[in-house]
Amino acid sequence: MVIERYLFREVAQSFGGVLSVLMLIFVSHRFIRYLRDAAAGELSNDVIAQLLGLSLATGLVYVLPIAFYLAVLLAFGRLYRDSEITAMAASGIGMPRLLQATAWFSVGFAAAALVLSLYVSPKAWGQIKELQRRAQQEANITAIAAGRFKEIAGGDRIFYAESVSEDRRYAQTVFVRMLDATRPVVLFAQRGRVEREPGSGDRVVIMEDGHRYDGEPGQEDYTITDFRTHAVRLEGNAAGTVTRYKDTIPTLELLASSEPRDRAELQWRLSLPLSVLLLGPLAVLLSRTSPRQGRYAKLFYAILVYFIYNNLMGITRELVEQGNLSPAIGIWPVHLAMALLVVGAFLYQNTGGWRMLGHLRRARRP
């Protein structure tokens with residue numbers, strides 16, 4: 001057990017560093033995206049912190065497999081570089097013992113990935129979508145940037161506010177251009193506020209003390225109307241509809257569904273923890289290097305293998321969703337191929353494959 005604890009400590013240290021870097025990249029990307037949406041008036045600044053917190057849960061399930069894979073690779077690469085694996089082999093601790101220890105690590109990390117994938121991630125995605133939906137439906141004047149023209153409802157409305165009051169409740173000097181009417185309509189008001197209709201959930205702007213201009217100036221039907229209060233619908237009924245995303249569907253509902261789209265999502269969620277079980281032993285086998293090569297010698301090949309593996313899972317997932325591949329087959333052949341690769345690499349390293357390759361190289365020399 002001493003060896004197992006030592007190996008786990010080395011892997012855990014590498015895992016912490018790799019996971020921190022990958023999560024920082026992921027969260028930074030999401031933060032920039034949310035800031036962009038907030039600047040465009042689609043999100044309120046108040047929900048950005050909540051969205052980032054939930055993004056940690058959704059991102060961790062995708063980052064954990066690659067972080068564990070690289071952590072094992074780097075940890076065992078250092079052990080090979082410092083000849084510690086050689087010392088272990090001289091003491092009777094061979095590759096089967098190392099793979100057995102790594103398998104136990106993999107089971108623990110795979111269990112964490114399973115909980116994240118089947119329960120935590122769908123729940124977090126549901127909360128993210130709900131926050132975004134409410135931010136769009138209930139957008140008030142705080143989501144409107146002063147001094148900027150903003151297209152709303154697919155470009156059918158153009159909204160402009162010169163300034164926003166200190167309490168963030170009203171916009172001052174409001175301009176609205178309606179492009180979907182039978183004739184041009186322009187509204188100008190001293191101030192306005194954005195509200196949501198209780199029944200339909202549509203967003204409307206309530207304009208106060210202004211003028212409405214209908215038609216083209218100079219035409220006979222051109223009219224100017226003064227008003228004290230005028231309501232303009234910013235979004236139609238489609239804005240109140242709720243779209244259900246596959247990432248938010250509870251796992252129990254996926255289990256009861258026979259739709260190809262749901263079966264593909266279920267297989268994808270199960271594939272993430274399964275990939276942890278396969279990538280751990282593969283990393284041990286790929287980390288085998290000589291002391292001269294260093295701990296990063298196989299890093300490029302390891303990343304290439306993971307890139308191919310992950311993309312094949314994504315491709316088969318899309319094929320199942322589109323109905324071009326039977327859900328009974330699904331993503332499982334990709335995992336089977338990876339398992340065969342792990343077994344093949346183990347047999348090659350432990351049945352004289354390296355010695356045979358060395359003999360062939362020496363035989364080719366003049």
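Rule-based calculations on the coordinates, nothing more; no lab input. As the structure is a prediction and not an experimental result, all values here were calculated from the model. With ideal geometry, Cβ positions are generated from the backbone for all residues, glycine too; neighbour counts draw on all protein chains shown.
In terms of Cα to Cα distance under 20 Å, which lysines are near enough to Lys123, apart from those fewer than 8 places away along the same chain? Correct list for Lys123: Lys246.
Grab the beta carbon distance between Glu162 and His29, set R0 = 51 Å, and tell me the FRET efficiency rounded to 0.05. Present the calculation step by step, with values, prior to reporting the outcome.
Numbers: r = 34 Å, r/R0 = 0.67.
That gives a FRET efficiency of 0.90.
Less than 5 angstrom separates the built amide H of Arg191 from those of Thr173, Val174, Glu208, all sequence-distant by 5 or more or on a different chain. Applying 1/(1 + (r/R0)^6) with r as the Cβ-Cβ distance of Val115 and Leu347 and R0 = 41 angstrom yields a FRET efficiency of 0.75.
What is the sum of charges, Lys and Arg at +1 and Asp and Glu at -1, for the other residues whose Cβ falls under 10 Å from the Cβ of Tyr222? Could you put the intermediate results ahead of the total?
Numbers: positive: Arg183; negative: Asp214, Glu216, Glu220, Asp221.
Combined, the nearby Lys, Arg, Asp and Glu give -3.
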